[in-house]
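Participant: Sharing a structure here in structure tokens format.
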Amino acid sequence: MKRGLPSQLRWTKPGSAPRGPGEAFACPPEPRPRTSTGLSVELYGVPKPYQSPPATVNATAVPRLTSYADVKAMFDMFVTTHGIDPSGSPHGTFWAMDYDSFVTGDVPGVDGEKILVEGDADRSNLVRILKGPITFDGRTFEQMPAGGPFLSADMIDALADWINRECPR
Ligand code: HEM
């Protein structure tokens, strides 16, 4: 019995000239570039310019926070999902306060510590403390929520973006 593919479907070495009917379509699909660092990659011996992946891969992972209600919802969702109970903390669920107090006021129970600086996430205590411990007036506060788990980088970025956009109401 004759074995193997019919001659029209024979695999053809990439780059070689077709030898018979149908063989021009017999090449396997082009492989994906195997390097992500070089300036070019070789496909079948032919250099092609390397195209870097989109820079904002995670940008859609957490939806943009368009209002204070979105900020509240993100914190509520996070503490509920992870069974975090801030009622034993000095501040409680302070993101439930009204907009003006949140944007201009201090962290309840933590004297003299502003929650945020409108338009400046890098100087905002809330963003800083979600990323790691902060020292304020000689006192060091641990990363929040105390004991973890901690918000993902995407969530913190979304919050920082909201603050940098001057905290849309
Ligand atoms: C600028 C922002 C914040 C400041 C200054 C702050 C400060 C504090 C302080 C001083 C304590 C008590 C001492 C300690 O356990 O370290 C505390 C406890 C705590 N905080 Fe915060 N916090 C902030 C934001 C947050 C946020 C956003 C969450 C939740 C998402 C949170 C959740 C908690 C929890 C769960 C505790 C422990 C409660 C317990 O021991 O029962 N904090 N925080």
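Participant: So which of S89, S101 is over 19 Å from A146 (Cβ atoms), at pLDDT 95 or above and surrounded by 11 or more Cβ atoms within 10 Å (Cβ to Cβ)?
Facilitator: One residue alone meets the criteria, S101.
Participant: Give V127, V107 a once-over and let me know the one that is under 18 Å from K72 (Cβ atoms), in the same structural domain as L151 (by TED's automatic domain parsing), within 11 Å of the ligand (Cβ to nearest atom) and more than 26 Å from the chain's Cα centre (by Cα).
Facilitator: Of V127, V107, the one residue that is under 18 Å from K72 (Cβ atoms), in the same structural domain as L151 (by TED's automatic domain parsing), within 11 Å of the ligand (Cβ to nearest atom) and more than 26 Å from the chain's Cα centre (by Cα) is V107.
Participant: Checking N125 against (1) polar (S, T, N, Q); (2) farther than 19 Å from T66 by Cβ; (3) surrounded by fewer than 18 Cβ atoms within 10 Å (Cβ to Cβ), which test does it fail?
Facilitator: (3)
So that you can scan it fast, the table gives a plain yes or no per residue for (1) near the ligand (Cβ under 10 Å from one of its atoms); (2) in contact with a strand residue (DSSP E or B) (Cβ under 8 Å, 6 or more places away or on another chain):
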{"position": "P86", "(1), (2)": "yes, no"}
{"position": "T93", "(1), (2)": "yes, no"}
{"position": "V117", "(1), (2)": "no, no"}
{"position": "D137", "(1), (2)": "no, no"}
{"position": "T140", "(1), (2)": "yes, yes"}
{"position": "S152", "(1), (2)": "no, no"}
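Participant: Another one. Failed condition for L151, given (1) surrounded by 16 or more Cβ atoms within 10 Å (Cβ to Cβ); (2) more than 18 Å from the chain's Cα centre (by Cα); (3) in a loop (DSSP other than H, G, I, E, B), with all others met?
Facilitator: Going through (1) surrounded by 16 or more Cβ atoms within 10 Å (Cβ to Cβ); (2) more than 18 Å from the chain's Cα centre (by Cα); (3) in a loop (DSSP other than H, G, I, E, B) one by one, L151 breaks only (2).
Participant: List every residue pair whose Cβ atoms lie under 7 Å apart, where the two residues are 6 or more positions apart in sequence or sit on different chains, the first residue falls within the stretch 145-157 and is outside the structural domain of M77 (by TED's automatic domain parsing), and the second residue, located anywhere, is aliphatic (A, V, I, L, M) and surrounded by 13 or more Cβ atoms within 10 Å (Cβ to Cβ).
Facilitator: none
Participant: Name the residues in the stretch 54-76 that are within 20 Å of F150 (Cβ to Cβ) and modelled with pLDDT of 95 or more, would you?
Facilitator: L65, D70, V71, K72, A73, M74, F75, D76
The values are calculated or read from the model by the stated rules, or taken from the named source; none is laboratory data. Note that the structure is a prediction, hence the values are computed from the model and not measured. Because the Cβ atoms are built from the backbone with ideal geometry, glycine has one as well, and the counts that use them run over all protein chains shown.
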